[in-house]
Amino acid sequence: MKELDIGTFVAVLQEMMGPLLWVILVAAALATLGFVYVLVRDRGLVARRLVWSEALGVIGGVGGVLLMHEITHSDFADIGGPIDWVVVAAIFVLGAVGTVVGAYTVLGLFFRRAA
Amino acid sequence: MAKIPAFTRRAAVLAAAAAAMAPPQPQAAVATRARIVIAGAGAAGLAAAARLAQRLDGAEITMLDRRQAHFYQPGFTLVAAGLKDPAYTVGRTADYVPRGVRWVEERAAEIDPGAKTVTTDAGRRVPYDFLVLATGLSLDFDAIEGMDTARIGQDGLGSVYAGPAQAEATWRAMSAFADRGGIGLFGRPSTEMKCAGAPLKYTFITDDILRRRGNRGKAELIYNAPQRALFSVPIVAERVRMLYQDRGVAVNYGHDLSAIDLGRKVATFRTAEGPKEFRYDFINVVPPMRAPDVVRDSPLRWQTGAWAREGWAEVDRHSLRHVRFPEIFAVGDIAGVPKGKTAASVKWQVPVMVDHLVATIEGRQSAARYDGYTSCPLITRIGRAMLVEFDYQDNLVPSFPGVIAPLEELWITWIMKEVALKPTYLAMIQGRA
Ligand SMILES: Cc1cc2nc3c(=O)[nH]c(=O)nc-3n(C[C@H](O)[C@H](O)[C@H](O)COP(=O)(O)OP(=O)(O)OC[C@H]3O[C@@H](n4cnc5c(N)ncnc54)[C@H](O)[C@@H]3O)c2cc1C
């Protein structure tokens with residue numbers, strides 16, 4: 001791991017996740033497109049809907065962190081140095097942002113009246 | 001509303017990342033009719049085959065290996081820790097042979113560097129223009145009097161190195177020990193060895209399992225090293241010494257396992273004061289290691305010193321080219337270079353070796369240079385490890401300086417070992433990492 005280039009990174013992710021990698025990337029792309037569509041359509045963010053999706057985002061963030069512990073043989077007591085906390089925070093943020101974008105899009109597309 | 005610009009910025013970053021992810025323009029392949037023979041289809045052999053197939057057009061590449069199963073050996077440690085099934089470490093060589101490479105399921109039995117031919121155990125003569133040695137190494141269990149690999153898993157006998165099934169049998173023996181306590185014996189051989197961190201890791205893991213079961217107080221752990229230090233890199237050796245002191249692992253230097261009485265559970269060590277016996281309830285036997293006979297009995301091995309006895313291929317440490325036969329290279333465990341016999345070294349050796357070989361075909365000089373980089377995620381308990389990376393000069397060469405501290409017990413390093421190492425290894429043997 002002397003130098004990390006993007007090709008290596010993609011190859012490793014492919015080996016790690018197999019077809020799941022593409023499913024996740026397609027889902028992320030669809031959610032992003034849907035999000036942009038809803039934004040343009042509504043000419044901005046709808047506050048009520050954003051609050052709901054942010055609430056779900058917290059759950060998504062926690063879910064991301066729990067998933068990481070689920071798929072590995074380690075637990076919270078193993079968190080050692082500062083970088084470990086940064087990684088936990090990054091996983092939380094990733095899960096949260098993904099959930100916010102996804103939830104906002106779903107709410108905007110299918111539950112426009114309710115939220 | 002303030003979120004929108006942030007979002008657009010994110011999108012721009014993503015778009016830039018996507019553009020950067022586009023596959024790099026392939027280098028124009030070098031046209032050649034060269035006959036290249038690769039002896040061994042393990043980590044180094046497969047990675048070399050993949051890279052050579054990428055760089056060359058029309059070369060006749062033949063890979064020799066009788067074994068059909070491919071072993072992901074770094075996984076043996078996780079199997080012996082009870083965390084993975086043996087199947088986690090076993091693949092099929094056939095799935096990784098690159099297109100355009102011929103795999104002959106025979107062992108290289110004899111190399112004649114004068115006539116430039118390899119003869120297989122089936123009597124086939126394979127002529128070459130270039131030869132890549134990638135035979136890995138031999139575990140010399142016979143050098144330990146009384147050792148019987150068939151009994152691994154019984155009577156407290158373990159050996160993580162011996163293979164996937166033996167790694168699991170070792171887990172059973174160690175787990176039984178962790179339930180009862182007693183004396184646990186660990187150590188390493190006096191020869192060069194692959195992954196010098198592995199015997200250290202397994203001692204840490206045993207300590208951890210004992211603690212998890214509440215039986216650490218009932219056990220005594222002893223680490224016997226033939227050398228004067230726990231690791232060849234002084235700063236790492238010192239760190240492990242401190243951790244062993246903290247965990248209560250007793251260390252004896254200058255102790256070399258010479259014999260074992262499996263019935264009486266007694267191991268005998270060569271020491272400066274003569275043979276010394278240690279009773280054990282569990283032992284992890286790490287045998288002496290040496291070059292496979294095909295290299296050891298050939299003119300390709302080192303001519304003097306311990307490396308001549310052990311039989312490693314005498315190659316230049318920076319180019320991996322043989323010092324007497326320029327059309328021969330050695331990569332992986334068989335290479336007679338200091339330090340790394342690890343999959344991590346393979347990852348950095350192979351592109352250098354391939355560039356030198358291709359340069360020779362093209363009639364140019366290669367500037368590629370291997371500086372001995374190797375790495376070892378040194379597990380210090382289940383859930384934590386230290387990422388130790390170093391080079392020929394015992395320098396620490398951290399990949400993420402200031403971010404992942406090399407001598408710190410970290411969770412992220414454990415995550416790398418458990419989640420990312422095997423995918424990286426598999427990408428490597430396919431020439432993609
Ligand atoms: C318990 C354990 C833990 C490890 N942990 C790590 C780790 O954490 N990190 C790390 O980087 N590395 C680790 N390693 C080391 C790593 O697995 C090896 O360094 C790596 O596999 C070396 O690759 P190689 O191709 O040289 O040898 P191998 O992968 O062993 O392959 C050698 C191949 O050559 C074949 N062969 C042998 N003789 C002949 C012949 N005469 N003709 C033809 N073929 C022949 C064999 O059948 C085999 O397929 C570990 C190893 C072990 C055993």
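Numbers at a glance
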read-out: Chains B and A, summed buried accessible surface - 1.4 Å probe, Å², nearest 100; value: 3300 Å²
read-out: At most 16 other Cβ within 10 Å, DSSP loop - trypsin sites (Lys or Arg not before Pro), segment B:358-412; value: B:ARG364, B:ARG369
read-out: Cβ-defined net charge surrounding B:ALA178, 10 Å radius [Lys, Arg +1; Asp, Glu -1]; value: +3
read-out: Assigned charges on the beta-carbon of Lys, Arg, Asp, Glu; the protein assembly as shown dipole about Cα centre (debye); value: 1400 debye
read-out: Shielding by partners, peptide A:59-72 (average Cβ within 10 angstrom, other chains); value: 1
read-out: Descending Cα extents along the principal axes, segment B:141-288, whole Å; value: 35, 35, 29
read-out: Within the protein assembly as shown, percent of DSSP bridges classed antiparallel, to nearest 5; value: 50 percent
read-out: Percent accessible area from carbon and sulfur atoms, chain A, protein chains only, probe 1.4 Å; value: 76 percent
read-out: Exceeding the 32 Å Cα-Cα cut-off - candidates B:LYS218/B:LYS276; B:LYS276/B:LYS339; B:LYS218/B:LYS417; B:LYS116/B:LYS201; B:LYS218/B:LYS347; value: B:LYS116/B:LYS201; B:LYS218/B:LYS347
read-out: Gap separating the Cα centres of segment B:63-123 and segment B:305-338, nearest whole Å; value: 20 Å
read-out: Whole-Hz ³J(HN,Hα) from phi, Karplus 6.51 cos²θ - 1.76 cosθ + 1.60, for segment B:375-388, glycine and proline x; value: 8, 8, x, 7, 5, 10, 5, 5, x, 9, 8, 10, 8, 9
read-out: Size of charge dipole - segment A:30-110 - debye, nearest 20, with Cβ of Lys, Arg +1 and Asp, Glu -1, no other charges; value: 620 debye
read-out: Average beta carbon contacts from partner chains per residue of B:417-430, 10 Å cutoff; value: 4
read-out: Accessible area of the protein assembly as shown divided out per residue, in Å², using a probe of 1.4 angstrom; value: 44 Å²
read-out: Choice from B:GLN73, B:GLN365, B:GLN349 with maximal GNM fluctuation in chain B (Cα, 10 Å cutoff); value: B:GLN365
read-out: Of all accessible heavy-atom area on segment B:142-252, the percent that carbon and sulfur account for (1.4 Å); value: 46 percent
read-out: Helical segments meeting 20 Å axial Cα length and Kyte-Doolittle 0.5 threshold in chain A (DSSP H); value: A:19-42, A:47-71, A:82-110
read-out: Max mean-square fluctuation residue, GNM over chain B, Cα-Cα springs under 10 Å, options B:ARG228, B:ARG188, B:ARG296; value: B:ARG228
read-out: Rounded D (µm²/s) - chain A, Kirkwood Rh over Cα pairs, Stokes-Einstein at 20 °C, 1.002 mPa s; value: 133 µm²/s
read-out: Assigned charges on the beta-carbon of Lys, Arg, Asp, Glu; chain B dipole about Cα centre (debye); value: 1100 debye
read-out: Long-range amide H partners of B:ILE328 with built H, under 5 Å; value: B:LEU131, B:HIS322
read-out: Cleavage-rule hits, GluC sites (Glu not before Pro), segment B:194-301, DSSP coil, Cβ neighbours within 10 Å at most 16; value: B:GLU273
read-out: Choice from B:LEU78, B:LEU410, B:LEU137 showing the highest fluctuation, given a GNM over chain B with Cα pairs closer than 10 Å; value: B:LEU410
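The values are calculated or read from the model by the stated rules, or taken from the named source; none is laboratory data. Predicted model, so just to flag it, every value in this text is computed and none were measured. So basically every Cβ, Gly included, is an ideal-geometry build from the backbone, and we count neighbours across all protein chains shown. Ligands, DNA and RNA are excluded from the accessible area calculation, which covers all protein heavy atoms including side chains. Shrake-Rupley method; radii C 1.70, N 1.55, O 1.52, S 1.80 Å.
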